[in-house]
Amino acid sequence: MPDYKELTAKQMADGVKAGKLSAVELAKEAINLAKTEGKAINAFITICEEKALKQAAAVDALAKKGTSSPSQPLAGVPVAIKDNISYTDYATTCASHILDGYIPPYDATCVKNLIDAGAIIIGKTNMDEFAMGSSNENSFYGPVKNPVNHELVPGGSSGGSTAAVAQKIVPIAFGSETGGSVRQPAALCGVFGLKPTYGGISRYGLVAFASSTDQIAPLARTAEDIALAYQAAAGRDENDSTSVTFDHPVYSEKLATDKKFKIGIPKEYFAEGLDDEVKQTVEEAIKLLEKNGHTFKEISLPMTDRAIAVYYIITSAEASSNLARFDGVKYGLREAGDKDLTTMYSTTRDSGFGAEVKRRIMLGTYVLSAGYYEAYYRKASKVRELIRLDFEKAFNEVDLIISPTSPTAAFKLGEKIDDPLTMYLSDIYTASASLAGNPGISVPFGKTKDGLPIGVQFLAPWFNELSLFQISNILQKSAS
Amino acid sequence: MSEYDGYEPVIGLEIHAQLQTESKIFCGCKNAYGEPPNTLTCPVCLGLPGALPVLNKQAVEKAIKMILAVGGKVCNRSVFARKNYFYPDLPKGYQISQFDKPIGEGGEIFFSLEDGTKKSCRLTRIHIEEDAGKSLHPEKGESYTRVDLNRCGTPLIEIVSEPEMRSPEEAYGYFVKVKQILQYTKVCSGDMEKGHLRCDANISVRPVGQEEFGTRTEVKNMNSFKGVERAIKFEIQRQVKLLKSGGSVTQATLLWDESRQVAEAMRSKEESHDYRYFPEPDLVNLVVNDVWIENVRENMPELPDEKSERFIKDYQIRPYDAMVLTDTTSLADYYDEVMQYTKDGRTAANWVQSELLGVLKDSGDDISTFKVRPNMIADIVNKIESKEISGKMAKTVFAEMVESGKSADVIIKEKGLVQISDEKQLLAIIDSIISANTGNVDKYKSGKTNIFGFFVGQVMKETKGQANPEVVNRLLKQKLDG
């Protein structure tokens, strides 16, 4: 077998379908890496060895009969999924104590789609508890370390999935986005991270944090692989009323293009708080793309400075309701079960949830309470609509928007954990698109002088993932 | 008004009706009653992490039907909202309901009191929501409450009235009429015992003549129609007594205890909810276009009032009889079918109401499958009309029908139940009776006319009850008076 770690998902799938690579061998290698290198960075909560090897054997069997192509575009590709995506027979913990012992009796639609595409689910990855966080330090199972430097955070909340791809344990992983939870760690670890259009990938089986912005989101090391990953997972699902019917093109076939994009530079995204090195790197990307014939134009997204406030009001409100079901009655942790109901509730939830989750439940409960609803939730909903209109207006002028993904490169473990407001600013360039539902991608481009990865973000109109894959491919090719 | 010591009650009802759909409102689980606990469940209605609701079209259709049946407005766009509260039988920690944008607005219920007085009450709204599960509280010797989630996600509509009712009797009349419409439209079974239909009452009192409403309380937990009336009456009297003694009513939720006939306040902790409603992000707005609404309207069955008017007009029956006969669709359908075989609407109405319903009440049989079919009742009616049998004979025939299920003709033949109307034959009998009872004839002629019945009795005895009483009366009178 060629060097596993240097294979792309595309190469693996082609090799497996041609009978040149064994899905079982690939899965074994991935599992071995997950147990060794993955353990060193604490990327996984659960390794799904038994089912993975069975799935891989089934894919090999199909390949032998020659029936797998082309319906299995991810034939034999080891894939990791974030531990808030339901997968039968294995615990889904959301990195929370409160889900102790919970094993979902059903598969997320996304998981079904991936298995249909031939992917091998090798493990469930570590994350910030209930996807709340930007550093992956809010995990009951301990923080994930950045593969580039173990002293640093990988970003979050999809830190485990991102680190698993950056560490080359798997070529593709799925995380989830609510306000930047895939794009931001992708930037901090130096991989590609796509936040699909809201409704692109079914949320059925994704444990909800904030239903109106949650999206399952792929990570990969090449533009082509991330396109393949999205293609396999996406599509309208009868089980998710908010999933959208859309005639997806075959992205990988349309990746190479001569198209010259008109790209907007939102001035608000290059203002105070942006690290100099990150800023310079994004400017270099702009220069490089200009050289290739793409044009740039300064635009304005005036609501940008409201986005973080709106984001934390809306998502916390939804979270306070979504997390109400974790009450000790039906599954997961139960404390003080011999006491009265209210004591059981409060003891269970006090012991089961971490500090950040509690903070957001309290914030969300507050903004929905009688007397505060109008001032907070209702007003935030109105501003959210203005944010959406900002993007709609911008995309009348340009094809894409470019910006930094994160205001800084990876920071030290523990550096921001006691300062939630500073931590929340990690999502400043990603939260707006999440609120508006637009797709965005973080492309690894350049490094700081300390050798830390930097991410360049592109945003697109609804369901224009194709342009995101194309521009990613262009930037990736011109950088190398 | 003196009934409540110078106070006037103000009553509004909130009626929850379970919709008769094949499956639950947000998942494919069967919508059924009486199955073993927790067997009609799936990740969606169990509220498992990651599961999502998908709206059942049939539930929406039933809601539209009810809104149209009460003359309300079906909103083209309505919004689902989450009502948040913690309870073990509410597995998601919130109920999916509708809040500020319900599917139905307005409408009016027209109903009658038991004395026939006509009343009406307007509706505020009708909205769609899901039912919660059931908590089975500990029996003696048990220390845990058990939870049955079969009912979770059963589709409901909540029908909210304006506070326009002024007596427990009105509330009863209104509630019964709502039930009747629900049953006619097959929106809900109307079965209170199974909890398919539930009713909460908002009650306040105010001095007669005062515009402003008094402080209201909410009474829950009634499990029969008369129970609703009784609970409201109890609560009105409680409030009046309180005010009369110089006290004041505090806003509270009370639970009706049917066995003790009292309503008592819940612990304040249980009722102080801030439901933190907000739009349900897992569902898109409910859009109902006019084509859909018209389609439902076109397929609307005949409603109770329409049926009642038709009966009065086509079958020439009294309004009271029409009201009784249209009480349920099965009874109305039965009577309608009887009328396919006879022209005598009134006699048929009497027979269905007194004889048939009497028997059904005793036997507990279901009218739609009862062995005495509508054409058999019509036979009896027709034979009375044509004087083939007397009213008394008809009762014998009916009793035998109930017993054996045989047709009227067979029974008449077997029992020899033929009415003698032939005047010659009867005159011969009358003559022989008169000549055999000259003493009584003299008494009659001297003015003791009440002895007339004696002669009728003799004729009947002689003819084994088969003589046509009308003819006998006429002939006897001619003979004795002539």
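Values quoted throughout were computed directly from the atomic coordinates according to the rules given, and no laboratory measurement underlies them. All values derive from a computational prediction rather than experimental measurement. Note that we place each Cβ from the backbone using ideal geometry, even for glycine, and neighbour counts take in every protein chain shown.
Can you tell me the relative contact order of the stretch B:347-416? Whole percent, Cα pairs under 8 Å, sequence separation 6 or more.
On the way: 35 pairs, mean separation 19.6, N = 70.
Relative contact order here is 28 percent.
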*Based on the mean of other Cβ atoms within 10 Å per residue, sort peptides A:443-449, B:24-30 so the most packed one is first.*
B:24-30, A:443-449
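Mind pulling the per residue volume of the convex hull built on the Cα atoms of the stretch A:4-254? Å³ is fine.
Values: hull volume 26.6 nm³, N = 251.
So the per-residue Cα hull volume is 106 Å³.
Can you tell me the order of B:445-453, B:321-329, A:195-203, A:118-126 when each peptide is scored by its average per-residue count of other Cβ atoms within 10 angstrom, highest first?
Details: B:445-453: 11.4, B:321-329: 19.8, A:195-203: 26.1, A:118-126: 30.0.
Those peptides, ordered most packed to least, come out A:118-126, A:195-203, B:321-329, B:445-453.
Based solely on its DSSP helices, what 222 nm [θ] is calculated for chain B when runs of n ≥ 4 H residues each add -39,500 (n - 2.57) and the sum is averaged over all residues, nearest 500 deg cm²/dmol?
Numbers: 17 runs with 185 residues, N = 482.
Taking each H run of at least 4 residues, the total per residue is -11500 deg cm²/dmol.
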*Dipole magnitude of the stretch B:131-276 about its Cα centre, charges +1 at Lys/Arg Cβ and -1 at Asp/Glu Cβ only, in debye to the nearest 20?*
260
_Stretch gain in nm, segment residue B:291-residue B:145, where the contour uses 0.36 nm per residue and the Cα spacing is subtracted_ = 47.8 nm
*Taking R0 as 30 Å, what's the FRET efficiency between residue B:477 and residue B:320 from their Cβ-Cβ distance, rounded to 0.05?*
0.30
*Considering only B:426, B:446, B:468, whose Cα is most displaced toward the positive end of the charge dipole of the stretch B:409-470, charges sitting on Cβ of Lys, Arg (+1) and Asp, Glu (-1)?*
B:446
*Semi-axes, largest first, in whole Å: what does sqrt of 5 times each Cα gyration tensor eigenvalue give for the stretch B:2-294?*
32, 24, 18
*asked:* Which one, B:250, B:320, A:55, is farthest towards the positive end of the dipole of the protein assembly as shown when Lys and Arg carry +1 and Asp and Glu -1 on their Cβ?
replied: B:320
*Take peptides A:39-52, B:465-478, B:177-190, A:176-189 and line them up by average Cβ neighbours within 10 Å, highest first, as a rough protection proxy.*
A:176-189, B:177-190, A:39-52, B:465-478
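Please grab the % of Cα pairs in the stretch B:302-415 that end up more than 21 Å from each other.
On the way: 2094 of 6441 pairs.
Beyond 21 Å sits 33 percent of the P(r) for the stretch B:302-415.
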*Of all the C-alpha pairs in the protein assembly as shown, what % are more than 54 Å from each other?*
36
*asked:* Can you tell me which lysines have their Cα less than 27 Å from the Cα of residue A:449? Leave out same-chain residues fewer than eight positions away.
replied: A:5, A:145, A:168, A:267, A:279, A:287, A:291, A:412, A:416, A:477
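Output the relative contact order of chain B, whole-number percent, from Cα pairs under 8 angstrom with separation of 6+ residues. Before the final figure, lay out each step's value.
On the way: 837 pairs, mean separation 66.7, N = 482.
Contact order relative to length: 14 percent.
Quick check for me: using +1 on Lys/Arg Cβ and -1 on Asp/Glu Cβ, what's the dipole size of chain B about its Cα centre, in debye to the nearest 20? Working shown, then result.
Numbers: 64 positive and 72 negative charges, 159 e Å.
About 760 debye.
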*Over chain A, what number does the Rg to Rh ratio reach, with both radii from the alpha-carbon atoms and Rh per Kirkwood?*
0.96
*Can you check how the C-alpha radius of gyration of the stretch B:423-481 compares to 2.2 N^0.38 Å, as a plain ratio?*
1.01
*Give B:101/B:307; A:254/A:382; A:10/B:92; B:424/B:448; B:177/B:233 a once-over and call out the pairs whose C-alpha atoms are over 29 Å from each other.*
B:101/B:307; A:254/A:382; A:10/B:92
_Set of the stretch A:183-222 residues, backbone N closer than 19 Å to the point 7 Å along the Cα-Cβ line of residue A:247_ = A:200
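If you take each beta carbon of peptide A:317-326 and count the beta carbons of other chains within 10 angstrom, what is the mean? Write out the running numbers ahead of the final one.
Values: counts 3, 6, 0, 5, 10, 7, 2, 11, 11, 2.
Average per residue, whole number: 6.
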*Could you line up B:80, B:110, A:174 from fewest to most neighbouring Cβ atoms inside 10 Å?*
B:110, B:80, A:174
_Cross-link partners of residue A:17 among lysines (Cα-Cα below 16 Å; sequence separation of 8 or more within a chain)_ = A:64, A:65
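With +1 on each Lys and Arg Cβ and -1 on each Asp and Glu Cβ, how big is the dipole of the protein assembly as shown about its Cα centre, in debye rounded to the nearest 20?
Values: 114 positive and 129 negative charges, 168 e Å.
Result for the protein assembly as shown is approximately 800 debye, rounded to the nearest 20.
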*Please figure out what share of the DSSP beta bridges in chain A is antiparallel and state it in percent, rounded to the nearest 5.*
65
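Can you give me the relative contact order of chain A as a percent, contacts being Cα pairs under 8 Å and 6 or more apart? Could you put the intermediate results ahead of the total?
Numbers: 1170 pairs, mean separation 82.0, N = 480.
About 17 percent, as a whole number.
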*Select from B:157, B:132, B:168 the residue farthest towards the positive end of the dipole of the stretch B:130-169; place +1 on Cβ of Lys and Arg, -1 on Cβ of Asp and Glu, and compute about the Cα centre.*
B:132
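In what order do B:23, B:390, A:434 fall by count of nearby beta-carbon atoms within 10 Å, going from fewest to most?
Working: B:23 18, B:390 21, A:434 28.
Ordered by Cβ neighbours within 10 Å, fewest first: B:23, B:390, A:434.
Report Rg(Cα)/(2.2 N^0.38 Å) for the stretch B:329-482, keeping two decimals. Working shown, then result.
Values: Rg = 19.1 Å, N = 154, 2.2 N^0.38 = 14.9 Å.
Normalised by 2.2 N^0.38 Å, the Cα Rg of the stretch B:329-482 equals 1.28.
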*Determine the shielding of peptide B:84-93 by partner chains: average, over its residues, the number of Cβ atoms on other chains within 10 angstrom of each Cβ.*
5
*asked:* As a footprinting exposure proxy, order B:157, A:216 by other Cβ within 10 Å, with the fewest listed first.
replied: B:157, A:216
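Have a look at the DSSP beta bridges in chain B and tell me what percent are antiparallel, nearest 5. Don't skip to the end; give the middle numbers.
Numbers: 53 of 57 bridges.
Close to 95 percent.
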*Can you give the average number of partner chain beta-carbon atoms within 10 Å of each beta-carbon in peptide A:77-86, as a whole number?*
1
